[in-house]
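Scroll down for the structure; my scribbles are underneath it.
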Amino acid sequence: MKTMATKSPVIPPAQPVQLPDKDDGGSVVLERRTQKTQPPQMYQVVMLNDDYTPMEFVVQVIQEFFGKDLDAATRIMLKIHLDGKAVCGVYSRDVAATKVDQVLEAANKAGHPLKCISEPVDF
Ligand code: TYC
């Protein structure tokens, strides 16, 4: 399961500008501002708890695909186990989607029901 969404860029409203002099006595001109480039939307890969996947497998997956050491991976796995879910990493949309695919493929191969999703940060 993958979750995707997009955010439309925020365009600042046009501001009324008073011309300095030689105007027609009080006319108001709307000046369009150039749009600022927004930083790319980032995606967090969230891993979900289940009752069947062995803890050791989850720790290995987090180490392998999210570049965490044993200690960090164990802490993330325990957070998932206790809270139901946890963020394993934050990436661009394509990289996050690839991480989800890699985790699901490894889980399927091993016969575990482990699930993870990708969702926009600030979802
Ligand atoms: N709850 C599982 C168990 O008790 C362990 C587990 C942790 C499973 C994290 C999935 O994403 C997960 N064996």
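Nothing in this text is a laboratory measurement; each read-out follows from the coordinates by a stated rule. Note that the structure is predicted; figures quoted are calculated from it, not measured. Using ideal geometry, Cβ is built from the backbone for each residue, glycine included, and neighbour counts are taken over all protein chains shown.
Structure values in brief
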| item | result |
| --- | --- |
| Kirkwood hydrodynamic radius of region 55-123, Cα pairs, Å | 12.3 |
| Note, ³J(HN,Hα) from phi for region 60-73, Karplus 6.51, -1.76, 1.60, rounded to Hz, x at Gly and Pro | 4, 5, 5, 5, 5, 9, 10, x, 9, 7, 4, 5, 5, 5 |
| D69 versus D94: modelled label distance in nm, points set 7 Å from Cα along the beta carbon direction | 3.2 |
| Under 16 Å from the E105 label point (7 Å along Cα→beta-carbon), backbone N, region 53-68 | 61-62, 64-66 |
| Residues with amide H under 5 Å from that of A86, placed H, sequence gap 5 or more | M47 |
